[in-house]
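See structure below.
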C-alpha cells in the first residue's frame, strides 16, 4: 500500500517589524509559534518584506496560510479572514495588502510557474499606525496577536494538521534572534511621535 | 520660472505638472512630480520619498553585535548587504580582524546578492519597461526561435518551447488575471520591440523567476537560512568541517560542491540569457539615450570585495573606489568616508531640522530631527499633498553630497569609475558592448547605459564568485578552517568610547553605516543608503539629485502614461518599492502603475 504524503503547509508572516503595525504578520507568526507546536508537515516562515523572493516558498507549499497587515478601512485591530480564491482577489482589488501589490504578484508568479497552492488563507489585521517608523505595534493590533494565532491553529486543524497548544513554561526556540524578537524589540522601541 | 542649477541643469516649472504618487510601500515610498513643456518634454523634476528615517532611534542603546539583525530589516531587497555593512562598521570601531575564510565567504554572500539582485531587477522589476507583454501574444513562435538561436546557444529556444509558453501566457492574460504583468502601458508607442523579441523576453522572465531561487541557496548554505541569513561580528557564523561529520549546519565538501555548481549555472545564465537579452533590447532602443542625468558628470563608488581580509583600501578592492566630478574622467579622486568634509548630509529641502541648514553634517555627527511642513507654494494639505513646493522642504530623504557635489551611485557609477581608471575588466566589456551596438562611449551615460552596466556587472560578479569559491576551497584544503575571531566578543574587552564606519557596494550603489559605541552600547548609528544619494532632493545651493537630473529633458510619448519616467527611475533599481498612482494636474486619479 502506498502511503499518502501529507500536504506540505506553509505558514507565512509578512511585514516590516521596524514599522509599527506593519509588523503584524511577522509578530502574529511569532505568537503562533510561541503558543502552538505545529505538525511536522507545517513550516513557519518569517517572510519579512521579501516580496517576489518568496515565490519559491509559495510554489513549494500545498497549502498556504498568510498573516499580513491589510487595509480594508476597518476599525484598527479588526481581524479579517479570507480563504481560497478570495485571497488574490482581495489583495489585488485595492490596496488590501500593504506589502505592495506584491503578495498578489507573488501568488500570480507562482501560478504562472505552474505551482499554485491548493488551499489558501489570509489572516489580516487592520493597522492603526503605519507612520511610526521604529515604533512598536499599537495596542489594538497587539491585542489581536493571540486571537490571530488561535484562528491559524483552527484553520490548520481544518486542513488536517492539528496543532498542539504548548504548555505554560515550555521552552520554545525563538523564531527571531539577535534582539529583534517581539519582547526585546518592544522593550527599546520609542513611543510614537506626537 | 526658469532656474539654472549649479550642476548645470535648466529647470522650468511653468509647464503642466504631472504627479506620480504612491499608494503603498515596502521600505519607503517615492513620488515624482515633473513639469512638461508644450512638446511634452520634461523641464523640471522633483523627487521625494519616505525613507527609514529612524534607524538611530531604533538602535540607540542596543548591543552593537545585534545591529546587523535590525539593519537587515531596513530593506526587503538588500538584507544581506545592510548586515554586512553593519558588521564591518562594528569591526572597524572595535578593530576586530576577521579570518581570511570569513572574508571569502562574505564576498561570496555579497557577490551572490549582486548576481541575484541584478537578474531579478532586470527581468522582474525593469524589463517590462522595455518589453510589451501583450505584443508577445502575436509573435510567431518559429521566428522567435530563429531570433533566440541567432543570439545565444541557450538550449531553451525551440519553436515548440515558445509556442507552449505563448499558450500559457495567452491563457493567463485571458483569465483577466494579469498578475505580475498588470501594471503596464501595453501598446504604448514608447515600446519598440517586435513581437518575437517580446515573446523571447517574457520566456526569459519566467526562466529567471525559476532560476533565482537556485542562486539564493548559496545564502542558505553560508548564512544558515534565507530569507534573513545570519551574520556575525568577527567573521561568519558557519563553521567549516570538511569531513562532514558532527557540527550540524557545518560547511562540508558536499555543500561546497553544490555552491560551485550554482555558481557555474549562474555564469551560464548570465552569459547565455541575461547579456544577450540586454544587447538585443538595446539594439531597438539605440536612439533612446535619455536618462543619463548626473552620470556624465558626477559619480561616486566606495568600492567593495576585498581580495584579502581586513584591508579596505582602494588597491585591495575588486570593485573600484573613487569619485569623478564635472565630467572629467581623466581624474578619479580618492574617497575618505572618515573625513568630516567629504561626505555630508544636508536638510535644507528635507523634512528635518538642523541648527544651521546652510551647512551639512558628516554622518558620525548626524542628526535626525523630523520637521514636517509644506512650503508656501505647495497645494493640498499635509495629509493629502496635491503638489509639492520644491523651493521649500519636500522630502523625507536627506541630501548627501560629496565635497558639495550631488553624485550618482550604482552599477553605472562603479563601471564609469573602473572605466576611467582604465581597468581592463571594466573597460573591455564596456567597449565591446558599445562596439557591438555601434554606439559611442557617450551612450553609456543614459538609462540604457545604466541597465547595461548592471548586466555587465552581473557577469563580472558571477566570475568573481568563482574566484572566491576556488580560493575558499583552496584555503580549506590547505588546512585552514577558521571562520570567526571571537577575541573581542565580550564587551568588557572594548574601549569605553569608539566609532567606526563600514561600507559596501550594494547592488544599487554605495552604502555605508557610521556607528558610535559608548560603554558597550550603540550611542549613534547613521546609514546613508544608495537611494539617499540617488533620490536626494535639492541641496542648499540648488543642485538637483540623480533621479531628478535623470528625468530632465526626456520627451514623453503621452504624459498620462509615464512609461519613460518609470523606465529611467527603475534603471536605478531604487530601494523603494513604490506602487504609484498617476495623477492629473487637478489631482484626479488617471491610472495606476508600479514603480520600484
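Add -39500 (n - 2.57) for each DSSP H run of 4 or more in the protein assembly as shown, then divide by its residues: what number comes out at 222 nm, to the nearest 500 deg cm²/dmol?
-10500 deg cm²/dmol
Given a Förster distance of 22 angstrom, what is the FRET efficiency for residue B:14 paired with residue B:558, based on the Cβ-Cβ distance and rounded to 0.05?
Once rounded, the FRET efficiency stands at 0.60.
Measure out, as a whole number of angstrom, how far apart the alpha-carbon centroids of segment B:425-480 and segment B:229-307 sit.
Their Cα centres are 10 Å away from one another.
Kirkwood Rh and Cα-based Rg: tell me the resulting Rg over Rh for segment A:9-188, rounded to two decimals.
0.94
In what sequence, highest mean first, do B:186-192, A:21-27, B:353-359, A:57-63 appear when ranked by Cβ atoms within 10 angstrom?
Descending packing order for the listed peptides: A:21-27, A:57-63, B:186-192, B:353-359.
Label segment B:30-155 by shape, choosing from rounded, prolate and oblate, from the square roots a ≥ b ≥ c of the eigenvalues of the Cα gyration tensor; if a/c is under 1.5 it is rounded, and otherwise prolate applies when a/b is larger than b/c, oblate when it is not.
oblate
Shape of segment B:119-165 from its Cα gyration tensor (a ≥ b ≥ c, root eigenvalues): rounded if a/c is under 1.5, otherwise prolate when a/b > b/c, or oblate?
Judged from the Cα gyration tensor, segment B:119-165 comes out oblate (a/c at least 1.5, b/c at or above a/b).
Sticking to Cα atoms, compute the Rg of the protein assembly as shown to one decimal and its Dmax as the biggest Cα-Cα distance, whole number, in Å.
When restricted to the Cα atoms of the protein assembly as shown, Rg and Dmax are 25.1, 82 Å.
With both bridge residues required to lie in the protein assembly as shown, what share of the DSSP beta bridges run antiparallel, to the nearest 5%?
75 percent
Please report the relative contact order for chain B, taking Cα pairs under 8 Å with a sequence separation of at least 6, and give it as a percent rounded to a whole number. Before the final figure, lay out each step's value.
Values: 1265 pairs, mean separation 150.9, N = 596.
With pairs under 8 Å counted, the relative contact order is 25 percent.
Using the scaling law 2.2 N^0.38 Å as the reference, what is the normalised Cα Rg of segment B:451-492?
1.83
Enter the mean projected area of the convex hull around the alpha-carbon atoms of chain B, in nm², rounded to one decimal.
Result: a mean projected hull area of 26.5 nm².
With both bridge residues required to lie in segment A:9-188, what share of the DSSP beta bridges run antiparallel, to the nearest 5%?
Looking only at bridges with both residues in segment A:9-188, the antiparallel portion is about 30 percent.
Let me confirm one metric for peptide A:56-66, namely the mean number of other chain beta-carbon atoms within 10 Å of its residues' beta-carbons.
Counting other chains' Cβ atoms within 10 Å and averaging over A:56-66 gives 1.
Which FRET efficiency value, to the nearest 0.05, is calculated for residue B:492 and residue B:371 with the Förster distance at 56 angstrom and r the Cβ-Cβ distance?
Efficiency, from the Cβ-Cβ distance: 0.90.
Given the Cα-Cα distance of residue B:142 and residue B:428 and 0.36 nm per residue of separation, how much length would full extension add, in nm?
99.5 nm
Which three numbers, in whole Å and largest first, are the semi-axes of the equivalent ellipsoid of segment B:439-558 derived from its Cα gyration tensor as √(5λ)?
Those come to 39, 28, 8 Å.
Taking just the C-alpha trace of segment B:379-446, give me its Rg and Dmax in Å.
Reported Rg and Dmax, both Å: 19.1, 54.
Counting other beta carbons within 10 Å of each residue's own, what order do B:86, B:496, B:152, B:138 fall into, fewest first?
Ascending Cβ contact count within 10 Å gives the list B:496, B:138, B:152, B:86.
Just so you know, all these numbers are worked out from the coordinates, no wet-lab data involved. Remember, predicted model here, so these are calculated numbers, not experimental data. Every residue, glycine as well, gets a Cβ built from its backbone with ideal geometry; the counts of neighbours run over all protein chains shown.
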